[in-house]
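The values are calculated or read from the model by the stated rules, or taken from the named source; none is laboratory data. Small disclaimer: the values here were computed from a predicted structure and weren't measured. Note that each Cβ is placed from the backbone with ideal geometry, even for glycine, and that neighbours are counted across all protein chains shown. Note: accessible area is taken over every heavy atom of the protein model, side chains too, but ligands, DNA and RNA are not part of it. Shrake-Rupley method; radii C 1.70, N 1.55, O 1.52, S 1.80 Å.
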Amino acid sequence: MTTATRASRSPSATATPATTKSSPPAPAPSLPSLTGLRWVAALLVFGLHVHNFHYFDGTAGSIVTWAFGAGATGVSFFFVLSGFVLTWSARPGDRAPAFWRRRIARILPVHLVTAAIALLMAYTLAHQSKPTLRQGLANVLLVHSWWRPWWQTLDPVSWSLACEAFFYAVFPLLALLLRRLGARGAAALAGASVLAVLVLAWADAHHWLDQPIASLPAARLPEFVLGVAVARLVLLDRWRGPGLEASLALAIIGYFFVPHVTDGYAPTTCTVIGFALLIAAAAVADLHGLPSMWRHPRLVRLGELSFAFYMVHLLVLRAGTNLLGTKPLFGPTAGLTVTAVAFAVSLGLSWVLYEAVERPARRLLLRGRRSSEHRPVVRQPDGQDS
């Protein structure tokens with residue numbers, strides 16, 4: 001069992017009133033291990049899509065299925081991590097419009113560029129579906145995951161951004177409620193979030209709703225709220241959970257239990273607790289300076305590229321169908337070669353997107369914001385400037 005050090009966000013007890021008024025709140029400590037873990041989650045999703053595109057046949061295909069068949073849970077990891085990161089980096093006295101502006105600057109530029117690429121591919125390459133005008137507008141506005149016929153239009157992975165957009169919309173209200181929550185309240189909120197995941201999985205398995213809920217933003221909110229509650233416990237110095245090694249083991253066990261449940265929303269129940277424990281344990285390790293392989297500089301760098309990689313990799317795999325067909329079913333050598341090429345192209349494009357789109361667009365959209373006059377830019381746990 002381990003605990004986190006408290007993130008100092010207020011003036012010390014010995015500070016004078018004058019010092020308190022003139023000094024800005026201390027920023028939350030950086031958590032590089034969480035950035036490294038982002039890359040692992042993105043890699044799981046990449047592996048899932050390689051599996052879905054049937055690059056491997058025979059025994060090699062069975063191994064890929066075993067390793068990445070549950071890769072969709074990487075998106076669940078992103079949802080829990082998003083709640084943790086936003087709570088961890090929340091600014092005292094921050095207003096909703098300023099928060100929303102930062103989140104728009106964070107995700108919208110890359111989303112618009114990849115949506116444009118997907119639209120170009122739809123009209124120039126074979127094996128690509130063409131979206132209707134309504135589908136395209138819904139995708140651009142990040143509301144397409146609310147209705148099943150729209151959720152896979154343009155860049156299919158952007159369905160998760162529609163969920164994130166919903167989380168961002170409700171987060172200012174959550175932050176307001178969190179300020180009144182002590183440790184018991186945060187623990188109760190975490191427990192309620194896990195219970196909500198279980199109930200939703202049961203409802204989905206029994207077809208209580210008109211459509212599957214795995215991509216429905218409201219149904220994924222409990223995962224985000226779980227991350228929020230766990231971050232609150234860490235901030236209050238009241239987190240009591242297993243260390244990094246034990247948490248990783250629990251997350252892996254849950255991941256490989258996924259094939260034993262039904263498809264759809266149910267896999268979330270297998271991994272959500274392990275992911276929340278792993279995120280908290282990684283944060284604690286960074287706060288205490290404990291060993292963590294997730295904060296290796298190269299892994300952190302890959303974590304910084306993970307959002308762009310996540311957004312572009314499926315477009316690369318889709319473009320490859322024009323050369324490889326829809327189900328190539330290669331042997332081990334050819335399958336590994338094609339996968340390596342797809343990975344290298346995706347990683348190279350993600351670097352271009354990050355350096356040429358994500359970073360400069362964020363700086364441009366946030367230029368002149370009033371908060372920058374009072375508080376320095378801080379590197380946040382997701383590898384992005386706040």
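For the reader, a short list of remarks on this structure follows.
- Test result for residue 276, modelled with pLDDT of 95 or more, closer than 18 Å to residue 28 by Cα and either buried (at least 18 other Cβ atoms within 10 Å of the Cβ) or under 16 Å from the mean Cα position of the chain (by Cα) (or both): no
- Test for residue 223: is it surrounded by 14 or more Cβ atoms within 10 Å (Cβ to Cβ) and charged (D, E, K, R): yes
- Test for residue 188: is it in contact (Cβ under 8 Å) with a residue 40 or more places away in the chain, more than 27 Å from residue 97 (Cα to Cα) and open to solvent by 30 Å² or more (accessible area, probe 1.4 Å): no
- The range 302-335: number of residues that are part of a helix (DSSP H, G or I), of a type in the set (A, V, I, L, M, F, W, C) and open to solvent by 40 Å² or more (accessible area, probe 1.4 Å): 4
- Test for residue 67: is it open to solvent by 20 Å² or more (accessible area, probe 1.4 Å), part of a helix (DSSP H, G or I) and of a type outside the set (D, E, K, R): yes
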